[in-house]
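Chemist: Here you go, one structure.
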Amino acid sequence: MSLEKTLVILKPSAVQRGLIGEITTRFERKGLRLAGMKMMQLTDELLNEHYAHLSEKPFFQRVKNSMMASPVIVCCYEGVDAIQVVRSMTGATNGRVAIPGTIRGDFSVSSQENIVHTSDSPKTAIEEINRFFKPEELFEYKQVHMPYLYHTDEYQLV
């Protein structure tokens, strides 16, 4: 298996509540490698592209308004099956039904103000990472503890 990259956005609800460190610590402790991170203010134009699949929904503007309420933290994490690992750690979209122990289960009681956005598939992850990061904003580096995260038959460095 090769290592997979995924996008995580710490939404305004995470930024405003001071949860950035707590959430990034969870991903690091799990063993995911941080490949890129930055703070940015999302724009209407960027969100129209990012949430194009929701453009016909009645809540589309509410989603965009929520995402522009404050800056966000955009992260790219890498690991074996990183997309599924991150989504499992994140929990159900609606924080009221997310299982305790997940990020949303521990920090959210809302379906909208639900702390994080995560990529849902390899195709989406590539599109989203390219949307939010320039190539020079992503970093490749060797983690010295890789042999303690995975057995050598679980991954191959590309």
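Just so it is clear, none of the values below were taken in a lab; they were calculated from the coordinates. The structure displayed is predicted, hence computed values, not measured ones. Here Cβ is always computed from backbone atoms with ideal geometry, including for glycine, and neighbour counts include all displayed protein chains.
Chemist: State which residue is nearest to Phe59 (Cα to Cα) when the search covers only the stretch 111-158 and only residues that are surrounded by 10 or more Cβ atoms within 10 Å (Cβ to Cβ) and aromatic (Phe, Trp, Tyr).
Modeler: Out of the qualifying residues, it is Phe132.
Chemist: Starting from the stretch 45-68, take each residue that is under 18 Å from Asn114 (Cα atoms) and list its partners that are of a type in the set (Gly, Ala, Ser) and outside any loop (DSSP other than H, G, I, E, B), counting only C-beta distances under 8 angstrom and pairs at least six apart or across chains.
Modeler: That search, which allows pairs on different chains as well, returns Ser66/Ser13.
Chemist: Which members of the stretch 73-118 meet the condition of being among the hydroxyl-bearing types (Ser, Thr, Tyr), assigned to a loop (DSSP other than H, G, I, E, B) and either over 19 Å from Thr25 (Cα atoms) or without any contact (Cβ under 8 Å) to a residue 24 or more places away in the chain (or both)?
Modeler: Across the stretch 73-118, the qualifying residues are Thr93, Ser110, Ser111.
Chemist: Which ones in the stretch 5-32 are surrounded by fewer than 21 Cβ atoms within 10 Å (Cβ to Cβ) and among the charged types (D, E, K, R)?
Modeler: Matches in the stretch 5-32: Arg17, Glu22, Arg26, Glu28, Arg29, Lys30.
Chemist: Let me ask another. For Val15, all conditions in the list (1) among the β-branched types (Val, Ile, Thr); (2) part of a helix (DSSP H, G or I); (3) within 23 Å of Pro122 (Cβ to Cβ) hold save one; what is the number of the exception?
Modeler: Here Val15 meets the rest and fails (3).
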